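Trainee: Below is a structure I'd like to ask you about.
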Amino acid sequence: MSTFYSLHYHITFSTKNRKPWIQIDWRDRMHAYLGGIVRELTGVPLSVGGVEDHVHLLVGLKTTHCIADFMRELKKSTSCWIHDDIGYKPFEWQNGYAVFSLSPLAIPEVRRYIENQEEHHRKRTFREELIEMLDRAGVKYDPKYLE
């Protein structure tokens, strides 16, 4: 018998100390680069978006992926690209990330959510957004790790 799977994830992470380092003039290129790294890591980028202090990704992964390894490579590669190709040396990602598994039925809603980040963040901060996502998913957390 073959192995059948449908593994989709909503991933979000921010810049170090939520600094507004992701500049509008290279943001779209960074989102495209993130999608390219996902493909290089044999994942499927379904949507990538974000604003000046964080990103969201909707990805499909294989059963052989380890989320921690995937995230380490994704963040490392993007940081190197921003330092070397963009030339923005102070850039850093935060240490952690949030990842949520999705039902295939949730994919269209999450895709719309990611594509409308600019509009969404006119009304709420990343911290408020993250708390809502954690609460909706039933994830227990210590507020000190939200900063």
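The values are calculated or read from the model by the stated rules, or taken from the named source; none is laboratory data. Everything numeric in this text was worked out from a predicted model, so none of it was measured. Note that each Cβ is placed from the backbone with ideal geometry, even for glycine, and that neighbours are counted across all protein chains shown.
Trainee: Touching a residue at least 60 places away in the same chain (Cβ under 8 Å) and either within 15 Å of Leu57 (Cα to Cα) or out of contact with any strand residue (DSSP E or B) (no Cβ under 8 Å at 6 or more places or on another chain) (or both) - does that describe any residue in segment 132-142?
Mentor: yes
Trainee: Name the single residue that is surrounded by the most Cβ atoms within 10 Å (Cβ to Cβ) among those in segment 104-115 being touching a residue at least 40 places away in the same chain (Cβ under 8 Å) and not hydrophobic (A, V, I, L, M, F, W, C).
Mentor: Once the filter is applied, the top-ranked residue is Tyr113.
Trainee: In segment 104-126, how many residues are modelled with pLDDT of 95 or more and either under 15 Å from Ile22 (Cβ atoms) or outside any helix (DSSP H, G or I) (or both)?
Mentor: Residues that pass the stated criteria total 1.
Trainee: Can you find, within segment 46-94, the residue that is surrounded by the fewest Cβ atoms within 10 Å (Cβ to Cβ) among those that are over 15 Å from Ala32 (Cβ atoms) and among the aliphatic types (A, V, I, L, M)? Reasoning before the result, please.
Mentor: Within segment 46-94, the first condition is being over 15 Å from Ala32 (Cβ atoms), and the residues that meet it are 51-54, 60-73, 75-76, 79-80, 83-84, 87-94.
Within this subset, residues satisfying the condition of being among the aliphatic types (A, V, I, L, M) are 51, 61, 67-68, 71.
On the way: Val51: 18, Leu61: 20, Ile67: 14, Ala68: 10, Met71: 18.
Going through the qualifying residues, I end up with Ala68.
Trainee: Right, something else. May I ask you to list pairs of residues, at least six apart or on different chains, whose Cβ atoms are under 7 Å apart, with the first in segment 17-44 being under 23 Å from Pro90 (Cβ atoms) and among the β-branched types (Val, Ile, Thr) and the second being in a helix (DSSP H, G or I) and modelled with pLDDT of 95 or more?
Mentor: If the second residue must be in a helix (DSSP H, G or I) and modelled with pLDDT of 95 or more, the pairs left are Ile22/Met30; Ile37/Leu74; Ile37/Ser77; Ile37/Thr78.
Trainee: Can we say Ser47 is under 19 Å from Phe4 (Cα atoms), in contact (Cβ under 8 Å) with a residue 60 or more places away in the chain, assigned to a strand (DSSP E or B) and among the hydroxyl-bearing types (Ser, Thr, Tyr)?
Mentor: Numbers: under 19 Å from Phe4 (Cα atoms): no; in contact (Cβ under 8 Å) with a residue 60 or more places away in the chain: yes; assigned to a strand (DSSP E or B): yes; among the hydroxyl-bearing types (Ser, Thr, Tyr): yes.
Spelling it out, it is not the case that Ser47 is under 19 Å from Phe4 (Cα atoms), in contact (Cβ under 8 Å) with a residue 60 or more places away in the chain, assigned to a strand (DSSP E or B) and among the hydroxyl-bearing types (Ser, Thr, Tyr).
Trainee: Okay, next question. Take Arg136 and tell me if it is assigned to a helix (DSSP H, G or I) and exposed (fewer than 11 other Cβ atoms within 10 Å of the Cβ).
Mentor: So Arg136 passes the test.
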